[in-house]
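No lab work stands behind these numbers, since they all come straight from the coordinates. Just so it is clear, the model here is predicted, and its values are computed rather than measured. Every residue, glycine as well, gets a Cβ built from its backbone with ideal geometry; the counts of neighbours run over all protein chains shown.
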Amino acid sequence: MVSVVWHLIRKVAEMLFVMFVVVSITFFLIRLAPGGPFDSERKLPAEIERALLKKYKLDGPLWEQYLYYLRDVVRGDLRLSTKYRNRSVNELLAQTLPLTMGLGLTAFLLVVTGGVTLGVISAWKYGGLMDALAMFFALLAISLPSFVLGPILILVFSFWLGWLPVGGWGELQHLVLPAITLALPYMAYVARLTRAGMLDALEMEFVRTGRAKGLSDAVIVWKHAMRVGLLPVVSYLGPLAAHLLTGSIVVETLFNIPGAGGFFVYSVLNRDGFLLGGVVIVYCGLLVVFNALVDLILRILDPRISSDERI
Amino acid sequence: MREFRKRLWRDWKFRVSVVVLLGLLISSSVGMELMDKAAGEPGPMQQSPPTMEHWFGTDLNGRDLLYRLLVGLRVSFLVGLAGAGVSFLVGTTYGLIAGWFGGWIDNLMMRIVDILYSVPRLVFLLILIHSFSEQVGELGAALGWSWLQRWGKVMILVLGLGLTEWLTMARIVRGQVLSLKWRAFVEAARATGAGVGLILIRHILPNLGGVILASLSLTVPSVILDETFLSFLGLGVEAPLASLGTLLADGAAAINPIRSRWWLLFFPAAALVLLLFSLYTIADCFRDALAKPLLAEKKVNKKKF
């Protein structure tokens, strides 16, 4: 019991350290790169620029700015956005993140359920027609960027069939096409991962034991082999959550969803350092929490993984 | 290694993919030379569907789409290969050093990799491209190097893509080095007084060939896909150059219910799918050939399911 508590404390400390380093890296990258938040076609008068820098706490030596910024972040103040004047990063994120998270969560569930089902069936029917078809479409989905997949889905389901709305937000049916567009490539990837993992698992000794014991194929595949075969998929869940977050920018643009995905791109292009800091904290926090969860799930699925072993 | 090659060629999927890939490579490198140069310039026939004269139709400015597609394919190939090359150089060097020296050096270097996995690579990529592509252009103008002015942005793009794709390579190489470094042939080299660099390059690197190849075959398509994503954002290759990404972005914008100019999307998408399909299949074959020495035997076993 003591070791479990100790392990948890160590994990949390590690997580906080990673977040601290990532936030620092982004802070210095965006501040040291050429170009500033108030650059425009016309050069601002020196006094105005100085006043602006002071207002946004961008004056003084860089290390001092950095320390003050860290202090504010720890207090939960992500500061003002330099692009969306007079709006705080906290406020911007509070308005946009729920949309992106809702979209991402739906896509996440689609990816996991759809991908795993397809992968398991493929491995089960290894070498058969189902396997070949599933893997063909999986490769197709991976090979098409989502900004190509999206318009095609819109053309088919909105314009030709008229089943779903083209864009917008608010009702459940608005969620369907964006979530599918976001999920498909990752679903295909997960299906391939699952298939490979399951094929390896079906080679193992315990499968032969199960067969000798007279268990049915279904029980062996869905109950016993899956526990081992899904380990690679579980390890991928952390990166998946992060990919869905940054990948949402394409989908949000295509379907006119006012989410937070675009901030990843536009905060860099606008040199909006604090907004960038905010989305990076969200990104990193999500990744770190998911990785910790994954660690836990892996331990439950495979008790052989000891607490000190790195996967 | 010979066994590895033999196993690869026995796989029909591998043979087909190599033929498709070579076909794309050859047509993108010599195809344009066979066509009329004027086909790549804006012309009077705007947005024409495929005809006998323009096999793949023409684009918004009346340029022949086939010609543009060949240009785009060539640029995408270059970006993919060069990006993978950068990631190979960085990842392999890093992994070799970490694995060879071991101990606290290895520990530190691998923790750094762990942390870098948590940095959103998109952000790093955008900062690099957006901050430095202007500078490179100006530098080219100041030095009077026209090639730098023309290719500077593409070079920054390739550098950025390569610099954000090396982490997995470093991990794989490091793991292999750890298992190789106490083998007898390495001991023998050490005993003859060979330096660290010589041992790493002469004796260890050649033994990593298969793993590196398998990893690179996945890096090339993912760099190509990343470039299409940047093109969608308007940060990829710029006109008058074209890449598959910019053509796809233009094509996707041309899709609407009133007048569907399907050829603008269909042909670039088909080219990308062919390219990535063959690359991914080759990657799969590499993996199978590396990991499953008894493939034939296993197939019999799996048939039962």
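Numerical summary
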| item | result |
| --- | --- |
| A:Leu202, B:Leu73, B:Leu290 arranged by Cβ crowding within 10 Å, fewest neighbours leading | B:Leu290, A:Leu202, B:Leu73 |
| Between helix A:273-301 and chain A: long-axis angle, C-alpha atoms, 0 to 90°, nearest 10 | 20 degrees |
| Positive-end extreme of charge dipole, the stretch B:2-304 - chosen from B:Met109, B:Val220, B:Gly85 (charges on Cβ) | B:Met109 |
| For peptides A:219-230, B:138-149, sequence by mean Cβ density within 10 Å, most packed first | A:219-230, B:138-149 |
| Dipole magnitude of chain A, debye to nearest 20 (Cβ charges: Lys/Arg +1, Asp/Glu -1, about Cα centre) | 260 debye |
| 26 Å Cα-Cα threshold exceeded, pairs from A:Lys125/A:Lys223; A:Lys11/A:Lys83; A:Lys125/A:Lys213; A:Lys43/A:Lys83; B:Lys13/B:Lys37; A:Lys223/B:Lys6 | A:Lys11/A:Lys83; B:Lys13/B:Lys37; A:Lys223/B:Lys6 |
| Residue order, fewest to most beta carbons within 10 Å, for A:Lys83, B:Lys153 | A:Lys83, B:Lys153 |
| Label-point separation in nm, B:Asn61 to B:Ile201, each point 7 Å along Cα→Cβ | 4.4 nm |
| Formal net charge of residues neighbouring A:Pro239 (Cβ-Cβ distance under 14 Å; K, R +1; D, E -1) | -1 |
| Surrounding net charge for B:Gly83, when Lys and Arg each add one and Asp and Glu each subtract one, Cβ distance under 13 Å | -2 |
| Principal-axis tilt of helix A:89-124 within chain A, Cα atoms, nearest 10 degrees | 20 degrees |
| Exercise: per-residue mean of other protein chain Cβ atoms within 10 Å, A:265-271 | 5 |
| A:Lys83 long-range amide H proximity, modeled H, under 5 Å | none |
| Rg/Rh for the stretch B:5-148, where both radii come from Cα atoms and Rh is the Kirkwood radius | 1.12 |
| Within 10 Å of each Cβ in A:135-145, the average number of Cβ atoms from other chains | 5 |
| Relative pair counts by distance (%), Cα atoms of the protein assembly as shown, 20 Å bins | 16, 51, 30, 3, 0 |
| Within-15-Å neighbourhood charge of A:Leu29 [Cβ basis; K, R +1; D, E -1] | +2 |
| For chain A: rounded, prolate or oblate by the Cα gyration tensor [a/c cutoff 1.5] | oblate |
| Size of charge dipole - the stretch B:17-175 - debye, nearest 20, with Cβ of Lys, Arg +1 and Asp, Glu -1, no other charges | 400 debye |
| Values of log10 I(q)/I(0), in the order q = 0.11, 0.16, 0.20 Å⁻¹, for the stretch A:138-241 under a Debye, Cα-only, solvent-free model | -0.52, -0.79, -0.96 |
